[in-house]
Amino acid sequence: MTAERWMKFYSRDWLGDAQLRTCSLGARGLWIDMLCLMDDANPRGHLKLKRKKLDVPTLAGLVNSTPKAVEKLLEELRQAGVFSTTNHGTIYSRKMVRESKWRANGEKAAKVRWSKASENKGENEKRISGSMTPESRVQNKKSFPSRLDATRGQPPPREPADYSNDPVEPSPALMRSPLVRKYKH
């Protein structure tokens, strides 16, 4: 592990996870400690210590609790469906495993992309250098006016007509309405 190692933590995911929110404060505290341990594990996302599955007494020692309390909290997390287990019984975080797969796929795609870029580098340099001339690098500001220059000589837009002071003639239907008849002189 390097000194720059960090773990993405989305507070909205933590607070919005309905399964986790049904667990007690102690169970959620154990889960965040487990997530930190799983982030450093190999493979990432699995509750392991140096590639060995963690048992309850070891986990209790790592989180500074008793095995009985840890066992009870693990059962609460399991019943809520917060974590999954492998066929060998190793606890893992579904999200961490999924993110690790995405990261690995992204690294593979980046390697392919950059290897293609280095193969085509010489060809691209020839094409680019042939099309550039000193004249094309210098642009005359007068030949390319900015958008602000285009609006400077124009008058401001006209205001719409104001009809608020004109007398209003009510329609015959409005005059027959009970509301107008009530206030009619």
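The values are calculated or read from the model by the stated rules, or taken from the named source; none is laboratory data. Keep in mind it's a predicted model, so treat the numbers as computed, not measured. Backbone-built Cβ (ideal geometry, glycine too); neighbour counts: all protein chains shown. These accessible areas exclude ligands, DNA and RNA; they are computed on the full protein's heavy atoms, side chains included. Shrake-Rupley method; radii C 1.70, N 1.55, O 1.52, S 1.80 Å.
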Per-region count, segment 53-111, residues hydrophobic (A, V, I, L, M, F, W, C), within 17 Å of residue 24 (Cα to Cα) and free of Cβ contacts under 8 Å to residues at least 24 places away in the same chain: 0
Among the residues of segment 85-105, is any aromatic (Phe, Trp, Tyr), at pLDDT 90 or above and assigned to a loop (DSSP other than H, G, I, E, B)? no
Can you pull out every residue in segment 18-37 that is open to solvent by 50 Å² or more (accessible area, probe 1.4 Å) and either among the charged types (D, E, K, R) or touching a Cys at 6+ places or on another chain (Cβ under 7 Å) (or both)? 21, 33
Residue hits (segment 18-28; in a helix (DSSP H, G or I) and either within 24 Å of the chain's Cα centre (by Cα) or in contact (Cβ under 8 Å) with a residue 40 or more places away in the chain (or both)) are 18, 19, 20, 21, 26, 27, 28
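Rundown of residues vs (1) surrounded by 14 or more Cβ atoms within 10 Å (Cβ to Cβ); (2) at pLDDT below 95; (3) touching a Pro at 6+ places or on another chain (Cβ under 8 Å); (4) not β-branched (Val, Ile, Thr), yes/no style:
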{"residue": "42", "(1), (2), (3), (4)": "no, yes, no, yes"}
{"residue": "63", "(1), (2), (3), (4)": "yes, yes, no, no"}
{"residue": "83", "(1), (2), (3), (4)": "yes, yes, no, yes"}
{"residue": "107", "(1), (2), (3), (4)": "no, yes, no, yes"}
{"residue": "113", "(1), (2), (3), (4)": "no, yes, no, yes"}
{"residue": "118", "(1), (2), (3), (4)": "no, yes, no, yes"}
{"residue": "123", "(1), (2), (3), (4)": "no, yes, no, yes"}
{"residue": "129", "(1), (2), (3), (4)": "no, yes, no, yes"}
